[in-house]
Amino acid sequence: MILWSKTTEMRIKIDINMKVGRVVKYFILSDIVLLTGWGLVEPVFAIFVIEKIPGASVITVGISAAIYWIIKSTLQLPIANYLDRTDGEKDDFYALITGLFIASISATLFVVVREIWQLYLVQAVHAVGFALYFSSWAAIFSRHLDKDRISFDWALNSTTVGIAAGISGLIGGIVAGGIGFTPLFVFCGILSAVAAMILLLVPDLVLPRSQSSVVVPPVIKEKPPSKIG
């Protein structure tokens, strides 16, 4: 007796719609650029501290990390609370741009760090910048998520940023091993500033256009007919 079995092929069609709103697109792009820059630095930061700062040790690295995370985490709550209580997105946008430029400055300041206390101070500045950035970025991004695609928008940001950070981490290790740490911090600062410029070039995404910028056509009044005779 011969038994015949029929195999049924199941084909799964994967159709992912990558189209997102304009605000979401630009904010994801800005996030990618910013975290790509810091992705260059983060994998080799501990090595930089120990090798380039006299007297620094593994404990110094731990204290440095603690300063960043404690200050950033502590400041985020009052910043977010203030942004939520203020009407409109103007304050959110300005906080976002300010945070990006502070992040840019802190990245370049690492180049001139020569003492442990200087490292701690720059880490504090770094924390202030990212506290402003994350609080305001999340506020604006959340309000402009695509309807019925909220999970996808967040996942798209996490995926693209993760891939960019992974690639930049590899590049950062290669560059640090080849030509040193200075180019990494400089390029990180440049990318942080570029992230701000991306959003400054399209402020109408968030900030409403002022009424003075709206061109109102002149009103032409008809002259009354002149008297005859």
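All of the numbers you see were taken from the coordinates with simple rules; none came from a lab. Since the model is a prediction, treat every value here as computed from it, not as a measurement. Counting neighbours? That spans all protein chains shown, and the Cβs are built from the backbone with ideal geometry, glycine included.
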- Item | For region 91-116 versus region 137-185, the gap between their alpha-carbon centres in whole angstrom | 17
- Message: Ranking request for peptides 143-152, 40-49, 160-169: highest mean number of other beta-carbon atoms within 10 Å first, then the rest in descending order.
- Response: 40-49, 160-169, 143-152
- Message: Net charge around Lys52, counting only other residues with Cβ within less than 13 Å of its Cβ (Lys, Arg = +1; Asp, Glu = -1)?
- Response: -1
- Query: Of Asn81, Gly55, Leu121, which is farthest on the positive side of the dipole of region 42-199, counting Cα position, with +1 on Lys and Arg Cβ, -1 on Asp and Glu Cβ, and the Cα centre as origin?
  - Reply: Gly55
- Taking every other residue with Cβ under 15 Å from the Cβ of Ala165 and scoring Lys and Arg +1, Asp and Glu -1, one gets -2
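Please state the shape class of region 27-182: rounded when a/c is under 1.5, otherwise prolate if a/b exceeds b/c and oblate if not, all from the C-alpha gyration tensor.
Values: a/c = 2.56, a/b = 1.52, b/c = 1.68.
Verdict is oblate for region 27-182.
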- Of Ile163, Ile71, Met197, which is farthest on the positive side of the dipole of region 42-199, counting Cα position, with +1 on Lys and Arg Cβ, -1 on Asp and Glu Cβ, and the Cα centre as origin? Ile71
- Task: Provide, in order from the shortest bin, the percent of all Cα-Cα pairs of region 146-203 in each 10 Å bin, continuing until the bin that contains the maximum pair distance.
- Result: 19, 33, 32, 12, 2
